[in-house]
Amino acid sequence: MLKFVIDEDMPRSKAKILKTKGYETLDVRNCGLRGASDDEVFRFAQKEKAVILTGDLGFGNLLYFPVSSHYGIVITHFPNEISTSELNNQIIKAFDNLIETDFKGNLIILEPGKIRIRRK
């Protein structure tokens, strides 16, 4: 079963929605990491053997976070005007089209109607 670390730029409801789909989740806001740097969130996710779910494009920097050096990073790149419920729906819909090996060690970018995977 996949485990996700939810970054603080994601809606709190994301953890609840993912749990209903059978995923384990940890929200950085509930783990003493509110305001933490990307490096701190990254180290925490690696310690937890978890995929990072974030809207922070900084996690897409392959020099700092090279593919295969982590358990997976998912960056959601959606317009700011999108509602929380629509964002949640888009992410769940994308996850329904992915399998566990799509996440492990890879960088996934989710955009409206698109999934891009940078594989290890």
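Using +1 on the beta carbon of Lys and Arg, -1 on that of Asp and Glu, and nothing else charged, what's the dipole of the chain about the Cα centre, debye to 20? Could you put the intermediate results ahead of the total?
On the way: 18 positive and 16 negative charges, 79 e Å.
For this selection, approximately 380 debye.
Can you give the helix-only mean residue ellipticity at 222 nm for the chain, where every DSSP H stretch with n ≥ 4 adds -39500 (n - 2.57) and the sum goes over all residues, rounded to the nearest 500 deg cm²/dmol?
On the way: 4 runs with 35 residues, N = 120.
For the chain, the value works out to -8000 deg cm²/dmol.
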Among Leu26, Pro66, Met10, the residue whose Cα sits farthest towards the positive end of the charge dipole of the range 1-68, when +1 is placed on the Cβ of each Lys and Arg and -1 on the Cβ of each Asp and Glu, is Leu26
Please report how far the C-alpha centroid of the range 1-33 lies from that of the range 83-99, rounded to the nearest whole angstrom. 14 Å
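Taking 8 Å as the Cα distance limit and 6 or more residues as the minimum spacing, I'd like the relative contact order of the range 3-118 as a percentage. Numbers along the way, then the final one.
On the way: 177 pairs, mean separation 28.1, N = 116.
Taking the mean separation of contacting Cα pairs over the length of the range 3-118, I get 24 percent.
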If amide hydrogens are placed 1.01 Å from N in the peptide plane, which non-local residues have theirs closer than 5 Å to the one on Asp27? Ile6
Apply the Karplus curve 6.51 cos²θ - 1.76 cosθ + 1.60, θ = phi - 60°, to the phi angles in the range 71-83 and return the couplings in whole Hz, x for Gly and Pro. 8, x, 9, 10, 10, 9, 10, 10, x, 4, 6, 5, 6
Counting only DSSP beta bridges with both residues in the chain, what percent are antiparallel, rounded to the nearest 5? 25 percent
Size descriptor, Kirkwood hydrodynamic radius, that averages inverse alpha-carbon separations across the chain, Å: 14.1 Å
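Laboratory data are not the source of any read-out in this text; all were calculated from the coordinates shown. Bear in mind that the values here come from a model prediction, so they are computed numbers and not experimental data. Please note: Cβ atoms are built from the backbone with ideal geometry, for glycine as well, and neighbour counts cover all protein chains shown.
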